[in-house]
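Here's the structure, in structure tokens; my notes come after.
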Amino acid sequence: MQTNVETTDKFSQTTVETAEQLGLTADEFERIIGILGRTPNFTELSMYSVMWSEHCSYKNSIVWLKTLPREGDRLLVKAGEENAGLVDIGDGYACVFKIESHNHPSAIEPFQGAATGVGGIHRDIFTMGARPIAALNSLRFGNINDKKTQHLIKGIVHGIGHYGNCFGVPTVGGEAYFEDCYGTNPLVNAMSVGVVKVGQTVSATSYGAGNPVFIVGSATGKDGIGGASFASANITEDSVEDLPSVQVGDPFQEKKLLEACLEIIPTGALVGMQDMGAAGITCSTAEMSAKGEHGMIIHLDKVPTRQENMKAWEMLLSESQERMLIVVHKGKEAEVLKIFDKWDLHCVQIGEVTKEKQLKFYLNGHLEADVPAESLVLGGGAPQYHRAYTEPAYFEKIKAFDIHKIPDTLHARFAAERLVKLPNIASKRWIYTQYDSMVGTANASTNAPSDASIVTVKGTKKALAVTTDCNSRYVFADPQVGGQIAVAEAARNIVCSGGEPVAITNCLNFGNPYDPEVYYQFVYALKGMGEACRKFNTPVTGGNVSFYNQSPDGPVYPTPTIGMLGVLDNISDRLTLNFKAAGHLVYVLGRSRNDISSSEYLHKLIGIEYSPAPHFNLEEELHLQQAVTKLNKAGILQSAHDVSEGGLFITLLESAMASGLGFEVNTNANFRKDAYLFGESQSRVVVTIRPEDKEKFDSIMHSVIDATEVSVRVEKIGVVKGEQISIDGEDWGTVLDWKHQYDIALESHLA
Amino acid sequence: MKFGVVTFPGSNCDHDMIDSLRKDLGQEVIELWHKDKDLSMFSKEDCIVIPGGFSYGDYLRCGAIARFSPMMQSVIEFANKGGRVIGVCNGFQILCEAGLLPGALLRNANQQFVCKNIFLKSENTAASITKDVTGRPLMIPVAHGEGRYYADDATLEQLFANNQVLFRYCDEFGNIVDTANPNGAIRNIAGICNKERNVFGMMPHPERATSNVLGNTDGQLIFQSLINNN
């Protein structure tokens, strides 16, 4: 066997130009030469180009990611330490959860792009030994009237359904927004939530010289080569030429892989396991070896392939889906092979662990690459950059906004009727009925909706409350406050579902980080998120960064999607959002304000794009959430629903539609009618109580209200009644009619 | 009476079915693997369940591969001897492919997967699985991309003449109307049985509606009818 890498033949010679073609900079090329002590050959350079791409290395974001709170009592592993966060939920169980983007593939090939996004995030969960029990997603599309957007919606929704439905994990929640800035760059963020018994997790590590290394699952093909680099560039007209960068998913294969992997873990035969996502064999061998402080010798000719004569760099960079790398304790191979054989899966030894911390890749006895494992990975040799940032010029337009120049609404009912049909507000049933939301018989929200989705943890009395949230227009208007609101709304949704917020995962979707105005949005959104996570005691367990969501038309709204996990120690603590009975009293907890900033009402109906983020104060939010929790503990809340897009009226309407019950509500003359009904000022929750609980309610509210500026306020606004909606004594029609308009608005564009 | 639940590669409602029968209905359940053939532990009084999912990926035609598995050969034999067999969703598709039930399940009329609560109603007092639930709408979830039941006119005529229709889609008040049909199934058919009334197939998932925690127990009534009328 050869011991030195050849760099003499014409193909393997590399220069700065080769590096730049692969997406590396001249400095990075020099850095690689410094690490190797020689010029890398083409294969090695390709490996560095994917491993040092933004997607794998976080080189332009890690400096700021490190400022987020990443520790907490419940965290069993720190952020970034494993494939996903691991949170103690009590009773000997832990929850593994993570959100990840698949934006660029979905922009080019919506069906497969979205499908493999779902497949990838589930693999991150079961590679740690947890069984995924729930999936969520967060989607952003362009203008729904645009034909291309309609094509993307159909493909992406179909792709998510195709993969998740077959794989057999219910899609229990999510969000979808429509804004023009996402026309070329849709966002597809997929989240998976899994459960594992504490102590039965598997680490993505490799050690023990002589231990065999196996590749498991699908054969390796040329699909997805360089996907990670592709995800680290702007989308232009030429991007369709990158089609081979999009992977193809096989959910059936992954279902078998899931069952086989979970069956193998209790045998104790595994040293470590990692799924192959971005950068395939390169990434999995490098990250596992670096973590276990060992090396590997890999024989690429042993890798099962889909086509003949694949080159070393093609195999090393392939992002073929449904593959895992496992390292097995020597002598226990037979047990492992037996289980994979039972599930009719490939399981082939391709190499072994070495004490020397190098990765050596051979093809037919020919040494193709020889690099230190550590040098490829985040925290090891991969570069980290501080990027310049400046306040965006459009902030001037936001500062110029003056609510007094906008007359109050004279026809609130007419405005409400238009509001309910806006794609950001209307029912998303055209989307979610295409997802199997009930497989696994753990989704407790099917017949009892809450602000967050409630999923039971079988074998316990516990339930998880999970949600994805980000109003990116708020983040655009004020990155710091918008970042805070994204976290706060997620926490509020969990509290309004009876849960305790415990941790978050985030998916940070931004434009080109080399644009200082985009980078400003990134830096300040992270500051805001960090502040809010500290306030709610919800550390960050991991996630992903997606830059370059930018086309020649400009960047997308800064979109730091928050996936939050909450815990209900007993599912009987659950709160639901639907009105329960006529006669129940309707209250708003929180403060009403003369604020229509960044609301759907202002943006879509009045047509004003630039306005500040809606009012928000972290301390006030915390007080509100504590009040809701206290009232729920006392067992007197009949329903709870937070005020979000569309304002108070839409909140009331949603509680009414979910029950078929109407309401009579009076507005407060101290406020503009548009602000009172449609404003999106934060930190408000609509609750209902039985009349007989009024005294108890008043006494609890009395105990939480004080004279400070951030204290919670409470206002009785009406009563649940009949099947009609009445505002200030005016008959606004039946709940059934409103529901019909709400239900059909989105699908009328997509039929 | 006991139940056997078959797992194929790609089955994903097998454990939901097992949990439902064992925990919510207190029944004895034996787990069966597609590569095995042995059903000697089951008598005619027992019931084999073919659960939902995507057996073998369903890349060819739903259920088209599963019918050739070793276990299905034994299930066919078991059914032909009079043993009871229920197929739910993918299980219904497999039973049609295996020739144990007439007709076929086509892609939904709107070409989309559909998952939601629907209502169905039985008017069949002859079949054990429906005897105790006739005449009232039951709320049961569906989740399928290919659930549009189809049979030619002659077969349909036979189905109705022999009282083989088990369930039809209806609205919440029990009216059998087009708007309540989630997939375009011919004559709103949601479930059927064979002429001998020992093989049952249905697209809706009763096992997803047997738990108080999930807020719907209408599915229990269906299983209970089968158990009570053994």
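The values are calculated or read from the model by the stated rules, or taken from the named source; none is laboratory data. Here the structure is a predicted model, which is why all the values come from computation and not from measurement. Cβ coordinates were reconstructed from backbone atoms using ideal geometry, including for glycine residues, and neighbour counts include every protein chain displayed. These area figures cover heavy atoms from the full protein model, side chains too; ligands, DNA and RNA do not enter into them. Shrake-Rupley method; radii C 1.70, N 1.55, O 1.52, S 1.80 Å.
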B:Ile222: passes all of (1) under 11 Å from B:Leu120 (Cβ atoms); (2) buried (at least 24 other Cβ atoms within 10 Å of the Cβ); (3) within 14 Å of chain A (Cβ to nearest Cβ) but (3)
Determine if the range A:469-480 includes at least one residue that is more than 14 Å from A:Ser598 (Cβ to Cβ) and in a strand (DSSP E or B). yes
Notebook entry, point to check: Any chance the range A:17-24 includes a residue that's touching a residue at least 60 places away in the same chain (Cβ under 8 Å) and acidic (Asp, Glu)?
Noted result: no
Residue pairs within 7 Å by beta carbon, gap of at least six or interchain, first lying in the range A:45-64 and closer than 17 Å to A:Pro513 by Cβ, second open to solvent by 10 Å² or more (accessible area, probe 1.4 Å) and among the charged types (D, E, K, R), listed first then second, are A:Trp52/A:Lys59; A:Asn60/A:Arg387
Q.
It is to be established whether one or more residues within the range B:190-203 are over 25 Å from B:Glu45 (Cβ atoms), surrounded by 21 or more Cβ atoms within 10 Å (Cβ to Cβ), within 14 Å of chain A (Cβ to nearest Cβ) and under 14 Å from the mean Cα position of the chain (by Cα).
A. yes
If you go through A:Leu652, A:Leu602, the only one that is in contact with a His (Cβ under 9 Å, 6 or more places away or on another chain), over 30 Å from A:Lys458 (Cα atoms) and not in a loop (DSSP other than H, G, I, E, B) is A:Leu652
Of those in the range A:253-270 that are away from every other protein chain (no Cβ under 14 Å) and surrounded by fewer than 24 Cβ atoms within 10 Å (Cβ to Cβ), the residue farthest from A:Gly194 (Cα to Cα) is A:Ala269
Of those in the range A:687-715 that are within 14 Å of A:Val586 (Cα to Cα) and assigned to a helix (DSSP H, G or I), the residue most open to solvent (accessible area, probe 1.4 Å) is A:Glu692
How many residues of the range A:601-616 are surrounded by fewer than 21 Cβ atoms within 10 Å (Cβ to Cβ) and touching a Ser or Thr at 6+ places or on another chain (Cβ under 7 Å)? The answer is 2
Note: among A:Gly183, A:Gly155, A:Gly159, A:Gly164, just one is crowded, with 23+ Cβ neighbours inside 10 Å and more than 11 Å from chain B (Cβ to nearest Cβ), namely A:Gly159
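Looking at the range A:537-573 only, could you name the residues that are outside any loop (DSSP other than H, G, I, E, B) and of a type in the set (Asp, Glu)?
Kept after step one, since they are outside any loop (DSSP other than H, G, I, E, B), are these residues of the range A:537-573: A:540-546, A:550-551, A:554-555, A:559-568, A:571-573.
The one that is outside any loop (DSSP other than H, G, I, E, B) and of a type in the set (Asp, Glu): A:Asp573.
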For A:Glu374, the lone unmet condition from (1) more than 30 Å from B:Pro206 (Cβ to Cβ); (2) in a loop (DSSP other than H, G, I, E, B); (3) touching a residue at least 60 places away in the same chain (Cβ under 8 Å) is (2)
A careful count of residues in the range A:429-443 that are small (Gly, Ala, Ser) and more than 7 Å from every other protein chain (Cβ to nearest Cβ) gives 1
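Would you check if B:Gly135 is free of Cβ contacts under 8 Å to residues at least 12 places away in the same chain and open to solvent by 40 Å² or more (accessible area, probe 1.4 Å)? Even if it seems obvious, please write down each step before you answer.
Working: free of Cβ contacts under 8 Å to residues at least 12 places away in the same chain: no; open to solvent by 40 Å² or more (accessible area, probe 1.4 Å): yes.
The answer is no for B:Gly135.
Yes or no, residue by residue, for (1) away from chain B (no Cβ under 14 Å); (2) crowded, with 24+ Cβ neighbours inside 10 Å; (3) part of a helix (DSSP H, G or I); (4) free of Cβ contacts under 8 Å to residues at least 60 places away in the same chain:
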{"position": "A:Arg418", "(1), (2), (3), (4)": "yes, no, yes, no"}
{"position": "A:Thr446", "(1), (2), (3), (4)": "no, no, no, yes"}
{"position": "A:Ile454", "(1), (2), (3), (4)": "no, yes, no, no"}
{"position": "A:Leu464", "(1), (2), (3), (4)": "no, yes, no, no"}
{"position": "A:Val487", "(1), (2), (3), (4)": "yes, yes, yes, no"}
{"position": "A:Ala490", "(1), (2), (3), (4)": "yes, yes, yes, no"}
{"position": "A:Cys507", "(1), (2), (3), (4)": "yes, yes, no, no"}
Matching residues in the range B:24-43 (within 14 Å of chain A (Cβ to nearest Cβ) and in contact (Cβ under 8 Å) with a residue 60 or more places away in the chain) number 2
